[in-house]
Amino acid sequence: FTDGPVVLPLGGPLYLQLKRWIEDAIKRGAINPGDALPSERDLAIKTDVSRVTVRKAVQQLVQDGVLVQRHGSGTFVAQQAQRVEQSLSQLTSFTEDMARRGMAVRAEWLDRGLYHPSTEETVILGLGAGEQVTRIARLRLSEDTPLAIERASLSSSILPDPDLIGDSLYKHLEKSGNRPVRAIQRIRAANLSDADAHLLLVPVGSAGLFIERISYLPSGRAIEFTRSIYRGDTYDFVAELRLGD
Ligand code: 16G
């Protein structure tokens, strides 16, 4: 986005001029959410200001949440996602929720495999002695916007191979006759860890929602234990309440 002559908007200290110029480039669509910003060196050469000035402008934009820095890979334009309303009264999957909104869905695998279960997993999933747990951790995205990180654990007797799930865990469970019919879901506020903030392309220290879902088969057996981190700047969880008896 630095092709052609660069004219910084006049007024105020140089780093503020550069900051405004970067903000304008984002507004104009010359650089889009998720795009990498040119390196500090390239920006300094192109705009004819010192690297110290570039760093100061970039740091301010990171503080404002306009840019995000990912260690080792550079500086990116932050994703300002549209807010999404998610009902709390229906047991649906991420894929189904996005399809209903007409939004494309994608997942990036963060981890998958068979593990020796933690005590918590053993208790919640009612695992037998020596039984392994299958863990699948995914970054869930719509188009290129990351929305949530989901870490699911299932008994290896239900899911012996994580690759079986394809694009949708619930679709796979449905096909194998194990679709959950009930779930207990707990939501609490969480500050995103640095690593999770980087994955979700939001500024370090942003607010997130920690969601734990334990879902059950009609028999009452717990089938899925999932801990998710949803972007606090994106999700509204909505429930309809009725006057009780
Ligand atoms: C939802 C569930 C998650 C489930 C996933 C399956 C929440 C907080 N979590 O995201 O527990 O594993 O759907 O999605 O709603 P999939 O079928 O698209 O893989």
> Just a yes or no: is a residue in the range 26-49 in the same structural domain as Ile158 (by TED's automatic domain parsing), assigned to a strand (DSSP E or B) and either small (Gly, Ala, Ser) or farther than 25 Å from Asp196 by Cβ (or both)?
Replying inline: no
>> Taking the criterion of being assigned to a loop (DSSP other than H, G, I, E, B) and either farther than 30 Å from Tyr170 by Cα or not acidic (Asp, Glu) (or both), would at least one residue in the range 51-59 satisfy it?
In response: no
>> Can you list the strands (runs of 3 or more DSSP E) lying wholly within the range 162-236 that have 3 or more residues being away from the ligand (no atom under 11 Å from the Cβ)?
In response: 182-191, 207-216
>> Being touching a Phe, Trp or Tyr at 6+ places or on another chain (Cβ under 6 Å) and either farther than 26 Å from Ala189 by Cα or assigned to a loop (DSSP other than H, G, I, E, B) (or both) is the filter here; which residues of the range 91-148 pass it?
In response: Ser93, Val133
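Results for (1) within 16 Å of the ligand (Cβ to nearest atom); (2) in contact (Cβ under 8 Å) with a residue 60 or more places away in the chain; (3) in the same structural domain as Ser193 (by TED's automatic domain parsing); (4) in contact with a helix residue (DSSP H, G or I) (Cβ under 7 Å, 6 or more places away or on another chain), shown as yes or no for each residue.
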| residue | (1), (2), (3), (4) |
| --- | --- |
| Val52 | no, no, no, no |
| Ala57 | no, no, no, yes |
| Ser93 | yes, yes, yes, yes |
| Arg100 | yes, no, yes, no |
| Glu108 | yes, no, yes, no |
| Leu114 | no, no, yes, no |
| Pro117 | no, no, yes, no |
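The values are calculated or read from the model by the stated rules, or taken from the named source; none is laboratory data. Only a predicted model underlies this, so the values are computations on that prediction, with no experimental measurement involved. Virtual Cβ from ideal backbone geometry, glycine too; neighbours counted across all protein chains shown.
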